[in-house]
Number of protein chains: 2
Amino acid sequence: MKPALIQQINSADTAANLNYSLEQITSVSRQGAELVVLQELHRCLYFCQTESQQHFDLAEPLDGPTCNALATAAKQNHVVLVGSIFEKRSNGIFHNTAVVFDQDGSMAGFYRKMHIPDDPGYYEKYYFTPGDTGFTPITTSLAKLGVLICWDQWFPESARLMALAGAELLIFPTAIGWDPQDGEPEQRRQLDAWLTIQRSHAIANNIPVIAVNRCGHEPDLSGQTAGIHFWGNSFACDAMGKIIACCSSSDNHSMVVDIDVQETVQQRLIWPYFRDRRIDAYEDILKRSID
Amino acid sequence: MKPALIQQINSADTAANLNYSLEQITSVSRQGAELVVLQELHRCLYFCQTESQQHFDLAEPLDGPTCNALATAAKQNHVVLVGSIFEKRSNGIFHNTAVVFDQDGSMAGFYRKMHIPDDPGYYEKYYFTPGDTGFTPITTSLAKLGVLICWDQWFPESARLMALAGAELLIFPTAIGWDPQDGEPEQRRQLDAWLTIQRSHAIANNIPVIAVNRCGHEPDLSGQTAGIHFWGNSFACDAMGKIIACCSSSDNHSMVVDIDVQETVQQRLIWPYFRDRRIDAYEDILKRSID
């Protein structure tokens, strides 16, 4: 299978951001891409750096203009397309939602971010109601996609549930970056942890992983912090966590990669973790804390 | 905290293997070690390469000579000691068991390997009854230790359960190696997956990890395979998965490292995964497969 990763620097010009994504979709499809993955909230700046009511104006429903444009792009380029929107579900209910369109432009499914972060610079709990889709893979004409979003990547439970439900690969649209005030060793440690935890989901579940992260510096409009330097490094790894290709830390980058989703068949015979899970002894994982 | 890792090449001479371990315990305690971790089944060859009834003669009860020697060593050197035995629990029930002795020589607790592998060269299901200890940390005078064993390392559930129950670090005595007939790229891919999955447990749970693996080549006595080249690479990583120190692939190596178990306090504020776990949506993790 030939997925493409589109990593981009965003500006405040949402139309320009979306146009860039659409141009790149056309470009990678001409290079043979069958599946295209965009980054988290690819139409706008990462507005969660501040809590501001006006940002809710960026939200759109699942049949809004961004989804319509993505559906058209999927059909015109005959690709499965994974996009990401700030979803207005109803007055008072907004989600961080990944949308998947099949090669004919129909919506194959959507996933509403289940784990919502909240820490300085990433005030997502203000904007996003926690998802209620559960961890259900989305069936497309190419494969069953385990689509998760950003903060989900730190939770092995998300990856495991997607894999147990038949996901053939994991896909993470994401928006994570460095605090410019952290030193280089700490920045490297964070990036390495981010790569490692996602590669570990491939290893634990014997399936490939694709992560697409934004890049570029975005200022904190409140002026309280030095902003975020989104660290790019969008990557794809195989079913044993080996990195196949990785984008740079700072530049727009679209790349088409080759992923062997069939390798899972063999990997699950060589490393039969699914046979040996101690489901009789896992019940406490449903607890907040084992006191 | 100053843990020591003792990685060793074993021979068929069980007394010599144990003597070497005991000498090294004394040596590392003189270098300041407070906690000493031995590798999986450190008293003997990795007998699970073949299924043979005679190997059950190697098993000992929890109050057998190996445990007695380890208890004495813990007391004499005033260290917390993590050992590993082939346990005879009763006629017909044998376990792969990690034993922990406190600085006064008392047994702090034991852990019976929960996930049992079985694949060519690692016929453990023949020897070891699956553990019934659950994933319960062992309280010592130094810290609460999340002791797991080898195959457990591939299961994020084990690490998560130990952490939720208060483990301050994870410890993996292990015995894993290369098939000498695999090429170097595949060998490197396997070693990297092994390092990555264990580092990921540190990251996902914000706690350090120590893994102690055997090294050296051990032949397959049945002659069916080329044996196992145990790959060493015993390592310690911090609460963000960063490797602090790592042994070589092929040599006896004892090392004392410095681990900051207090870093967890800060890491769990910066990366508050435990706050955000979706325990309302994890129930299917108790299923064998989500069909």
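The values are calculated or read from the model by the stated rules, or taken from the named source; none is laboratory data. The shown structure was predicted, so the numbers you read here are calculated from the model rather than taken from an experiment. Positions of Cβ are backbone-derived with ideal geometry, glycine not excepted, and every protein chain shown enters the neighbour counts. In case anyone asks, the SASA skips ligands and DNA or RNA and just uses the protein heavy atoms, side chains included. Shrake-Rupley method; radii C 1.70, N 1.55, O 1.52, S 1.80 Å.
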When residues of segment B:247-264 are limited to those that are within 22 Å of B:Glu218 (Cβ to Cβ) and not hydroxyl-bearing (Ser, Thr, Tyr), the one least open to solvent (accessible area, probe 1.4 Å): B:Cys247
All but one of (1) assigned to a strand (DSSP E or B); (2) within 14 Å of chain B (Cβ to nearest Cβ); (3) buried (at least 21 other Cβ atoms within 10 Å of the Cβ) hold for A:Ile244; which doesn't? (3)
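Looking at segment A:114-129 only, could you name the residues that are among the hydroxyl-bearing types (Ser, Thr, Tyr) and either open to solvent by less than 10 Å² (accessible area, probe 1.4 Å) or part of a strand (DSSP E or B) (or both)?
Filtering segment A:114-129 down to residues among the hydroxyl-bearing types (Ser, Thr, Tyr) leaves A:122-123, A:126-127, A:129.
Once the filter is applied, which keeps residues that are among the hydroxyl-bearing types (Ser, Thr, Tyr) and either open to solvent by less than 10 Å² (accessible area, probe 1.4 Å) or part of a strand (DSSP E or B) (or both), segment A:114-129 yields A:Tyr122, A:Tyr127.
Would you be able to say whether some residue in segment A:139-147 is in contact with a Leu (Cβ under 7 Å, 6 or more places away or on another chain) and either of a type in the set (Lys, Arg) or surrounded by fewer than 20 Cβ atoms within 10 Å (Cβ to Cβ) (or both)?
Initial filter on segment A:139-147 (in contact with a Leu (Cβ under 7 Å, 6 or more places away or on another chain)): A:142-143, A:145-146.
Now drop any that are not either of a type in the set (Lys, Arg) or surrounded by fewer than 20 Cβ atoms within 10 Å (Cβ to Cβ) (or both), which leaves A:142.
So far as segment A:139-147 goes, yes, one or more of its residues are in contact with a Leu (Cβ under 7 Å, 6 or more places away or on another chain) and either of a type in the set (Lys, Arg) or surrounded by fewer than 20 Cβ atoms within 10 Å (Cβ to Cβ) (or both).
Test A:Leu145 against the criterion of being in contact (Cβ under 8 Å) with a residue 40 or more places away in the chain, within 14 Å of chain B (Cβ to nearest Cβ), part of a strand (DSSP E or B) and aliphatic (A, V, I, L, M), and give yes or no.
Working: in contact (Cβ under 8 Å) with a residue 40 or more places away in the chain: yes; within 14 Å of chain B (Cβ to nearest Cβ): no; part of a strand (DSSP E or B): yes; aliphatic (A, V, I, L, M): yes.
So A:Leu145 fails the test.
To keep it simple, each residue is scored yes or no on (1) at pLDDT below 95; (2) open to solvent by 50 Å² or more (accessible area, probe 1.4 Å); (3) within 13 Å of chain B (Cβ to nearest Cβ); (4) closer than 16 Å to A:Cys247 by Cα.
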{"site": "A:Gly177", "(1), (2), (3), (4)": "no, no, no, yes"}
{"site": "A:Asp182", "(1), (2), (3), (4)": "no, yes, yes, no"}
{"site": "A:Gln190", "(1), (2), (3), (4)": "no, no, yes, no"}
{"site": "A:Ala193", "(1), (2), (3), (4)": "no, no, yes, no"}
{"site": "A:Gln198", "(1), (2), (3), (4)": "no, no, yes, yes"}
{"site": "A:Asn206", "(1), (2), (3), (4)": "no, no, yes, no"}
{"site": "A:Asn213", "(1), (2), (3), (4)": "no, no, no, yes"}
{"site": "A:Leu221", "(1), (2), (3), (4)": "yes, yes, no, no"}
Can you name every residue in segment A:1-19 that is without any contact (Cβ under 8 Å) to a residue 60 or more places away in the chain and open to solvent by 40 Å² or more (accessible area, probe 1.4 Å)? A:Ser11, A:Ala12, A:Asp13, A:Ala15, A:Ala16, A:Asn19
Selection status of A:Lys88, in contact with a Phe, Trp or Tyr (Cβ under 6 Å, 6 or more places away or on another chain), without any contact (Cβ under 8 Å) to a residue 40 or more places away in the chain and away from every other protein chain (no Cβ under 14 Å): yes
Are any residues in segment B:27-55 open to solvent by 40 Å² or more (accessible area, probe 1.4 Å) and part of a helix (DSSP H, G or I), and if so, which ones? B:Ser27, B:Arg30, B:Gln53, B:Gln54
Considering segment B:153-175, residues that are in a loop (DSSP other than H, G, I, E, B) and open to solvent by less than 10 Å² (accessible area, probe 1.4 Å), and then whichever is nearest to A:Ser289 (Cα to Cα), we arrive at B:Ala167
So A:Cys150 ticks every box in (1) within 13 Å of chain B (Cβ to nearest Cβ); (2) in contact with an Asp or Glu (Cβ under 6 Å, 6 or more places away or on another chain); (3) buried (at least 22 other Cβ atoms within 10 Å of the Cβ); (4) at negative phi but one. Which box is left unticked? (4)
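Every residue, every condition in (1) open to solvent by less than 10 Å² (accessible area, probe 1.4 Å); (2) within 14 Å of another protein chain (Cβ to nearest Cβ); (3) touching a residue at least 12 places away in the same chain (Cβ under 8 Å), yes or no:
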residue: B:Asn77; (1), (2), (3): no, no, yes
residue: B:Gln103; (1), (2), (3): no, no, yes
residue: B:Arg112; (1), (2), (3): no, yes, yes
residue: B:Gly131; (1), (2), (3): yes, yes, yes
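Would you mention how many residues in segment B:252-291 are closer than 30 Å to A:Tyr123 by Cβ and among the aliphatic types (A, V, I, L, M)? Full working, then the answer.
Residues of segment B:252-291 closer than 30 Å to A:Tyr123 by Cβ: B:260, B:262-283, B:285.
Filter once more, so that each one left must be among the aliphatic types (A, V, I, L, M): B:265, B:269-270, B:279, B:281, B:285.
Of the residues in that region, 6 qualify.
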Matching residues in segment A:247-290 - criterion: being out of contact with any Lys or Arg (no Cβ under 8 Å at 6 or more places or on another chain), aliphatic (A, V, I, L, M) and more than 9 Å from every other protein chain (Cβ to nearest Cβ): A:Met255, A:Val261, A:Val265
